[in-house]
Every structure is written in C-alpha cells, then in structure tokens.
C-alpha cells in the first residue's frame, strides 16, 4: 500500500444487548462492503481493509470495529469557510458541481449518505494527480443509512 492511510476505530456502546450488537455488526459489514465498492471512485477515500477485533472480558465480548482508509490530506469545508469567511458564486458552483456528481453516483447505487456535513467534505491538497481531472472535493465519513433497490 503506497497511499497514506488512517485507521478508524469504532467501539460500539451496544455491548450489553446481544441482538443490538449483532445488528450493529451486520450494519458495519454492509457499510464496509459499500465503501469497498464506492471507494473505487476518486471522490471517495479508498477503503483498504476492515476488520473486527474482540476484547474478551469476564462480563462478555466487546467488539471493536476498524476501517483502514485512504488518508485525505487537506481542509474540510468547515475549515475552509472559517478561513475565507465566505465563498463567491464561482466557488459555490464548483463545490456543488463536485458534490452533486458523487452524490448522484452514490444514490444510483442505492446508497444514501446519512452524514453529509461540512466536516465530511474535504478539499484535497492539490498535488497534481489527487482526484483526477476536475475533482477538488471528496466526500469523507460515508455512513450508509440504507441500501435500497430500484
């Protein structure tokens, strides 16, 4: 793996309820599978791996879930706005054009992103080949609220 990566750890709070824990693990698996598929797009950070590591204690099994994803270097939209104070019309059009393209792709695959917010919209630091032609903005923090069929 030549790309920089980040490992995200999820320590679910639903440990005491086995049915809830199992449902949460099922949802994590579904989200990770979707990320693997969707991460093949230049505007979605690639998912390199996902796994579960359990902590066994006398009180029970405590699942910890991990995602290893491409690290996106740059500012998120909230940081960029705080720095600039406002965007002009051309900047807003660029941001929306980038985001609407990727949201259309995600929705066309039956996925709904449940956590779109300025903190999850990254502007990659330009290195000449980051996102491919024309893409500056990346959607980070993809969380699948539902997968629907058409």
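The values are calculated or read from the model by the stated rules, or taken from the named source; none is laboratory data. Just so it is clear, the model here is predicted, and its values are computed rather than measured. Neighbour counts run over all protein chains shown; Cβ positions are idealised from the backbone, glycine included.
In the stretch 36-80, the residue that is surrounded by the most Cβ atoms within 10 Å (Cβ to Cβ) out of those that are in a loop (DSSP other than H, G, I, E, B) and in contact (Cβ under 8 Å) with a residue 60 or more places away in the chain is 45.
Condition check ((1) part of a helix (DSSP H, G or I); (2) under 14 Å from the mean Cα position of the chain (by Cα); (3) surrounded by 13 or more Cβ atoms within 10 Å (Cβ to Cβ); (4) modelled with pLDDT under 85) across all residues:
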residue: 94; (1), (2), (3), (4): yes, no, yes, no
residue: 97; (1), (2), (3), (4): yes, no, yes, no
residue: 116; (1), (2), (3), (4): no, yes, yes, yes
residue: 127; (1), (2), (3), (4): no, no, no, yes
residue: 133; (1), (2), (3), (4): no, no, no, yes
residue: 142; (1), (2), (3), (4): no, yes, yes, yes
residue: 145; (1), (2), (3), (4): no, yes, no, yes
residue: 149; (1), (2), (3), (4): no, no, no, yes
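Say whether the condition of being over 25 Å from residue 112 (Cβ atoms) and either at pLDDT 85 or above or in a helix (DSSP H, G or I) (or both) is met by at least one residue in the stretch 9-20. Within the stretch 9-20, one or more residues are over 25 Å from residue 112 (Cβ atoms) and either at pLDDT 85 or above or in a helix (DSSP H, G or I) (or both). On the stretch given as the stretch 103-114, residues that are touching a helix residue (DSSP H, G or I) at 6+ places or on another chain (Cβ under 9 Å), under 16 Å from residue 137 (Cα atoms) and modelled with pLDDT of 80 or more total 2.
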